[in-house]
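Right, one structure below, let's go through it.
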Amino acid sequence: MAVERLPFVVVGLARSGVAAAEFLARRGEAVVATDRKPEGELQAEAMRLRVQGVRLELGGHRRETFTRASMVVVSPGVPWNLPELRAARAAGVPVVAEIELAFRHLKGTLAAVTGTKGKSTTTAALGAMLREGGGDVRVGGNIGEALIGLVEGSTEATRYAVEVSSFQLEGIERFRPHVAVFLNLSPDHLDRHPTFEDYARAKARVFANQTAADWAVVNADDPAVLDRTRRARARVLPFRVTGEPIAGGDGAFFEGDEARLVREGRAETLFARASVRLPGAHLAGDLLAAAAAARLMGAEPEHIERAVASFRGVEHVLELVATLGGVGWYNDSKATNVDAARRSLLAFPGPTVLILGGRYKGGDFGELGPLLSERGKRVIAIGEAQERIASSLSPVLPVDRCATLREAVQRARAVAAPGDTVLLAPACSSFDMFRDYAHRGRAFKEEVRRLEGSEDPAVTAAPPARSAVHPSASAGLRPDEAEHEDDPGARTHKGKTPDG
Amino acid sequence: MAKKLSSDLTLFTVTVALLGFGLVMVWSASSALAQERHGSAYFFLVKQAVWSAIGLAALAVGLRLDYRRLRSPAFVYTVVIAATLLLILVLFQRPVNEAHRWIRVGALSFQPAELAKLAVILFLAYHIERRAERVNDFLSSLFPALLLIGWFAFLVYIQPDLGTAATIVATAGVMLYLAGVRLRYFAALAVPGAALLYQAVMTVAYRRDRIEVFLNPWVDARGAGYQIIQSLIAVGTGGLTGVGLMEGRQKLFYLPYPYSDFIFAVIGEELGLLGALLVVLAFVVLLWRGLRAAWNAPDPFGMFLAAGLTLAIVIQAFVNISVVLGLLPTKGIPLPFISAGGSSLVFALFGVGLVLNVSQHAD
């Protein structure tokens, strides 16, 4: 009797799960993809994978599938203590995160960014700096495309800037970045990690497989991070935004108006603070960490300087449009499904006026209920989905309906008080009113700036060209959209596919 | 990363390339026959050019309209009813080659079976979207779908046009599979389906003959096996690179319908294996881009509409090419975009227009 080749099992059909299943299917492996969600909520993913010969088990998991597998690849959002995953481990089946699978197949040099806040900005900035120098640079992970979707065709010269979450790091075995950036650590995502200690330990796994040939870029201002660095085998390069000197020589810091790097006794300037286009001191820290990592990945200071000067953050992703009369206006037009909107909402602890709506594309708006009852001030519903939104959420908080985005913005201004946040995170696609999410985001910014024009001069507004990436200004906290990445549909490969 | 509202250029290019190539091949395959029968070598070429122009206009319509308006129940049922009425009406038309397939209005002829194909795809896209969460619920989801598919397959079958009926069933089957209908339903349907097909084929003399000559064309080389033998001779003569455009001999009164159903044989003869493979490759690209548009579609309706339209074209191409190569029993269905044809060409191009339309809405 021939030995049967056991299939790979991919759990969770979020972005990275779909990418992992496609990757394995393309390599001719037998793949079973499974998700708790039923067919009706996963049509696009299901269809895409079926066409490629992936077997699907939707609407629940089957234990036999997990125990008779050659490997189980787990998407973010799936709890590691899922009984079926435990059963797989008990049966001796390796259970890994998507980044682990990707790491085993990629060629080249990897920089991984983790932390509680600012990962996306840092990763994007790091990617921009590496790209300035040319060559094959791939940026992704929790932002943009999943790492597994980036490995194809990579060579030894390929360089990666990858955002990794604590969730992904829990599922690694050999994953070893040449440069690991650990930005900061604060209690967050305790819904998934039972204690802060577990969360911290998961993050610190980014160092677990590093050797003395690798680098750990760590935040010297954050004692929790430093605490986790002590057991790292890699060379440690601390960075510090506060301006105090770093003991022991090596490090990245601001000296006067310049970002400096000292490595093995040699000092050099990475960029001038004046070049930074992003507002907010916290972002300078992200750029400093990114610059240090870029340098360790071989970028030249001139490239770093140039990238810093042109870096403007990520448009339509929790983008601060303006602060008007103490109200922060944020554009997260890219949040095109319910889960993305929920994550977006998580970024703002204060009272929030949420603009929702567009063309309904699945999901249950009621899932926003618990969060909105706690921090929502009002929901403003636009577009085709407004009926559905009103019927799902009006038991929780007041829901206004507006015919146009302009009307919605005006309504939001009327109800928001100083200290509040107005957030466009529509949880819907934009096609009933706009060409795409970017068009919708720009329209929103235009409307907000129109308000800005009519405000009294005492009001402070973010200048148009300098919109922030993250809403730290009002909330004092940056979002960690990456941690809850279980997000089919919104920030997916779709937007990234090069189009013919 | 802002994305422009642009439709799939690759899909458009490959379609236009196939259409242009079709014009060349129709000219090559038909000029001698046209001179002989219609007194002008340009007879079929001009006809094909006119239909291509109408088809491109239909493509533009399919591309420009808001495809999401098509999912209103009023529209879907209008198409379903119109297709039904026309399919019944066509039975009372004067038969051509003993089949009631065409409705003639003046110089124009129209095949209601093409509308039936569109009606089934449109209805399924609409139905799957509405029943998304319960596709496997037999009574409310599957039964209405099967009823409608069966109804149109039956109406087309009695024309008789078994080839198009089979294309409809195959397209609908793949759409249901992509929608997540469990395989055991397909297994359960396979038994009565096979019985029906056996009945349909074996009780009709000419179909039984076609099966027999399919299994061995030489049992009746001058009768039922003639067409397929001539087709195979054409393809075989072509070799690797063909005898050269316009140089083929089989189209000169040996091979019946060289400019329509058997045009692929002329391609094989004149352009050889390489030319034939290029055509196959073009349909593979079409399949890939069409399904890509489907899985990137912003809503289930667009997704299944694009998938269904793409599949209908590619399945038809697959069946046509298989017939020409003797891999399937002879059926009278054209090779999309390439065979000389009227309404079938217009509907295929309209379908591509709709797929392009869906492709520009990738979220």
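The figures follow:
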item	result
Residue within the stretch B:285-297 that is crowded, with 24+ Cβ neighbours inside 10 Å, within 14 Å of chain A (Cβ to nearest Cβ) and outside any helix (DSSP H, G or I) present	yes
Pair list, Cβ < 7 Å and 6+ apart or interchain, from the stretch A:122-144 residues that are free of Cβ contacts under 8 Å to residues at least 40 places away in the same chain and surrounded by fewer than 23 Cβ atoms within 10 Å (Cβ to Cβ) to residues that are of a type in the set (A, V, I, L, M) and assigned to a loop (DSSP other than H, G, I, E, B)	A:Gly135/A:Ala157; A:Asp136/A:Ala157
Selected residue (criterion: nearest to A:Tyr199 (Cα to Cα)) from residues of the stretch A:99-124 that are among the hydroxyl-bearing types (Ser, Thr, Tyr) and outside any loop (DSSP other than H, G, I, E, B)	A:Thr114
Scope the stretch B:245-284; condition under 19 Å from B:Gly332 (Cα atoms), in a loop (DSSP other than H, G, I, E, B) and of a type in the set (Gly, Ala, Ser); matching residues	B:Ser260
Wholly within the stretch A:369-451, strands (runs of 3 or more DSSP E) carrying at least 2 residues that are of a type outside the set (Val, Ile, Thr), surrounded by fewer than 23 Cβ atoms within 10 Å (Cβ to Cβ) and in the same structural domain as A:Trp329 (by TED's automatic domain parsing)	A:376-382, A:399-401
Residue check, B:Arg37 assigned to a helix (DSSP H, G or I) and either within 14 Å of chain A (Cβ to nearest Cβ) or of a type in the set (Asp, Glu) (or both)	no
Hits in the stretch B:324-363 - residues which are within 14 Å of chain A (Cβ to nearest Cβ) and either free of Cβ contacts under 8 Å to residues at least 24 places away in the same chain or in contact with a strand residue (DSSP E or B) (Cβ under 9 Å, 6 or more places away or on another chain) (or both)	B:His361, B:Asp363
Among (1) surrounded by fewer than 21 Cβ atoms within 10 Å (Cβ to Cβ); (2) modelled with pLDDT under 95; (3) more than 14 Å from chain A (Cβ to nearest Cβ), the one test that B:Gly20 misses	(2)
Those residues of the stretch A:319-347 which are of a type in the set (A, V, I, L, M) and closer than 11 Å to A:Gly441 by Cβ, in sequence order	A:Val321, A:Ala335
Boolean, B:Gln227 is polar (S, T, N, Q), touching a Ser or Thr at 6+ places or on another chain (Cβ under 9 Å) and within 23 Å of B:Asp161 (Cα to Cα)	yes
Wholly within the stretch A:1-91, helices (runs of 4 or more DSSP H) carrying at least 3 residues that are more than 23 Å from A:Phe167 (Cβ to Cβ) and within 14 Å of chain B (Cβ to nearest Cβ)	A:43-51
B:Val50 being more than 14 Å from chain A (Cβ to nearest Cβ) and under 30 Å from B:Leu124 (Cα atoms)	no
Meets criteria (within 14 Å of chain A (Cβ to nearest Cβ) and surrounded by 15 or more Cβ atoms within 10 Å (Cβ to Cβ)) for B:Val169	no
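The values are calculated or read from the model by the stated rules, or taken from the named source; none is laboratory data. Just so you know, these numbers come straight off a predicted model, no measurement behind them. Note: ideal-geometry Cβ built from the backbone for every residue, glycine included; neighbour counts use all protein chains shown.
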